Amino acid sequence: MSSASTPVKAQLNGATPDIPDELAAIAVRDLHKAYGPAEALRGVSFDVRRGEIFALLGPNGAGKTTMIEILEGYRRRTSGEARVLGADPGRPARRWRERIGLVLQECELDPNLTVRETVRLFSSFYPAPRLVEETIELAGLADVGDARVGRLSGGQRRRVDVAVGIAGDPELIFLDEPTTGFDPTARRAAWSMIDGLRGLGRTVLLTTHYMDEAQRLADRIGILRDGELVAIGSVEEIGAGLRNDALIRFRLPEGFAGHHIADEAGAPVEVEGELAIIRVADPQPVLYRLTSWAVHEGIHLSGLEVIRPTLEEMFLELTAEEVEHE
Amino acid sequence: MSELRLVLTQTGYQLVSVARNRRAVVFSLVFPIVLLVMFNSVFVKGTDTVDLNGVTVDAHTYFTGSMLAYAILLAGFNSLAISLVMQRESGQLKRLRGTPVPSWTFMVATVLRCVVTVGLMTLVLLAIGHFAYDVQISGSAAGDLLLYVVLGIAAMCSAGIAATALIGDVDSASAALPLIAVVLSLISGIFVSVDQLPTWLADVARVFPVYHLTTGVQAALGGASLDAGNAAVLALWGLGGIAVAARRFRWEPQGVPA
């Protein structure tokens, strides 16, 4: 492990205390998965609390789908512990399957059945399903209930996947890249539906490669890189554990060099062309000194802005470290 | 009780799906009917007879039996195997495994779907044979026919399910399965009477269930007494197929690397 990622690791350890079983919908400890000599997961530990939306993020090949398929009961782990709703997902039992809902990647449904027939069929597999019409409504398919699945657009088909995933009214829902291929309007609709599941007290484990999706939906996020969890926590917690400081940026006033500004602001200044950039963990005192000085001197700091790192930037930083240190 | 409901619900939706699938309807339903009419119109002159291992039947009866066996081969082996490979490769089977529904209820529903389509085909083909070509079906022949149809479905379905274990993707399925069906049809007396086969080829054909199904159905329609050997071979293929399927059937797509 490189020294650069040590603060993240430290935070990772702090963020996975042992949660009592009744509070954890999912508990994973030191989980490994090997395909022959290749290790897809290398000692992953995390918890998903009941009632929260947890997002697993990571670039392609990081192990997201392997992780979620182990928890869904499709794949056996090589070693380590996993509990999903109190049971071992390596031995999926019927009673356990009745309590979880799945939205898989690249799994089609019968193209010759209509949306309503498909939802009715899947509902019949569960002991206490949601009402068929309610499921169709929730998934945003009310307009195409009588259309055959094979004649729907890609985005609509994905909504049918979501509909059959929630048809059984499960306590825990796995969503493997649920909005891939959606247009922006459809994604917003899907997000409010997933938000609605949280409102009903359901637990959601989501994988996505859309940063804004995780940021918008998830209570907590885990970032996978090369089979290891490199960060876990809320967006704020992950941000705090990184060197990714806030950015104060403005146009360099005429007649001043970077070091003049640095003296006044009390923080180092980088100059990129016409722009002055200050990177600082806590921007407030720096801003105070900077703007007091500017107002006093009658200088206009044009284009002044404070930028917080987005999840996308954190993600890029976290997943880029590997490349830098190899 | 709830298991029975699960089986029947799945059977119902599978039948709806098949009825809406043009390819399946054409291959397993329209094909044997068209061939029945064509063979009887093109090849048969009024008094033709066919020799079947010592039993003589008239040519209309022979072709009606042929097409009944052919329909069971197409619906039980070909259509079943290709639809299972498609369902597997498109992830439908994987998705189903992620629900609480027991896997065996899906398999039973799939076989029941074949029973319904084959049952329908049997009635249609016998009705055409009887009313258009004056094929007579005696009471004892009806009992023997029923036994052959049941054993034929069992043998073809379990062979079809077992065959999917050897087929890696949809392309291979749509190439291999029709070829197997054509070769087996030709050497098993569906298009050409088994009496016209060279001995070695007839010996090869006797290993496979299609031969026993076809000659059994043709003889039963012709009024011959039940051949226990034919029935036994069909039953053995049924059991063997189930044994292979139980061990080797795969639910996850094979065409994409895991």
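The values are calculated or read from the model by the stated rules, or taken from the named source; none is laboratory data. The model shown is predicted, which means the values in this text are computed figures rather than measured ones. All Cβ positions, even for glycine, are placed from backbone atoms using ideal geometry, and neighbour counts span all protein chains on display.
Any residue that is part of a helix (DSSP H, G or I) and out of contact with any Asp or Glu (no Cβ under 9 Å at 6 or more places or on another chain) - is there at least one of those in the stretch B:44-57?
no
Using beta carbons and a limit of 6 Å, which pairs, at least six apart or on different chains, have the first residue in the stretch A:93-117 and facing chain B (nearest Cβ under 8 Å) and in contact (Cβ under 8 Å) with a residue 60 or more places away in the chain and the second one buried (at least 21 other Cβ atoms within 10 Å of the Cβ) and assigned to a helix (DSSP H, G or I)?
Hits for this filter: A:Leu102/A:Gly165.
With modelled with pLDDT under 90, in the same structural domain as A:Gly101 (by TED's automatic domain parsing) and touching a Gly at 6+ places or on another chain (Cβ under 8 Å) as the only criterion, which of A:Ala62, A:Ala55 stands out?
So the residue among A:Ala62, A:Ala55 that is modelled with pLDDT under 90, in the same structural domain as A:Gly101 (by TED's automatic domain parsing) and touching a Gly at 6+ places or on another chain (Cβ under 8 Å) is A:Ala62.
So which residues in the stretch B:196-235 are surrounded by fewer than 21 Cβ atoms within 10 Å (Cβ to Cβ), of a type in the set (A, V, I, L, M, F, W, C) and assigned to a helix (DSSP H, G or I)?
B:Trp200, B:Leu201, B:Ala202, B:Val204, B:Ala228, B:Ala231, B:Ala232, B:Ala235, listed by residue number.
Which of the residues belonging to the stretch A:267-326 are in a strand (DSSP E or B) and either modelled with pLDDT under 75 or among the charged types (D, E, K, R) (or both)?
A:Glu270, A:Glu272, A:Arg279, A:Glu305
For the list (1) surrounded by fewer than 19 Cβ atoms within 10 Å (Cβ to Cβ); (2) part of a strand (DSSP E or B); (3) of a type in the set (Ser, Thr, Tyr), I need the number of the one condition that A:Thr207 fails.
It fails just one condition, (1).
Restricting the search to the stretch B:208-258, which residues are over 17 Å from B:Ser140 (Cα atoms) and touching an Asp or Glu at 6+ places or on another chain (Cβ under 7 Å)?
Passing the criteria: B:Pro253, B:Gln254, B:Gly255.
I'd like to check something: does the stretch A:138-154 contain any residue that is touching a residue at least 24 places away in the same chain (Cβ under 8 Å), within 13 Å of chain B (Cβ to nearest Cβ) and crowded, with 20+ Cβ neighbours inside 10 Å?
yes
If you check every pair at least six apart or on different chains, which have Cβ atoms under 6 Å apart with a residue in the stretch B:95-106 that is within 8 Å of another protein chain (Cβ to nearest Cβ) first and a residue that is assigned to a helix (DSSP H, G or I) and of a type in the set (Lys, Arg) second?
Hits for this filter: B:Pro100/A:Arg94; B:Pro100/A:Arg97.
Exactly one of (1) under 15 Å from A:Met193 (Cβ atoms); (2) among the small types (Gly, Ala, Ser); (3) within 11 Å of chain B (Cβ to nearest Cβ) is unmet by A:Gly168. Its number?
All conditions pass for A:Gly168, except number (1).
Looking at (1) within 14 Å of another protein chain (Cβ to nearest Cβ); (2) buried (at least 23 other Cβ atoms within 10 Å of the Cβ), which one does B:Ser90 not meet, given that it meets all the others?
(2)
Run A:Asp88 past the list (1) within 14 Å of chain B (Cβ to nearest Cβ); (2) more than 22 Å from the chain's Cα centre (by Cα) and report the number of the one that doesn't hold.
(1)
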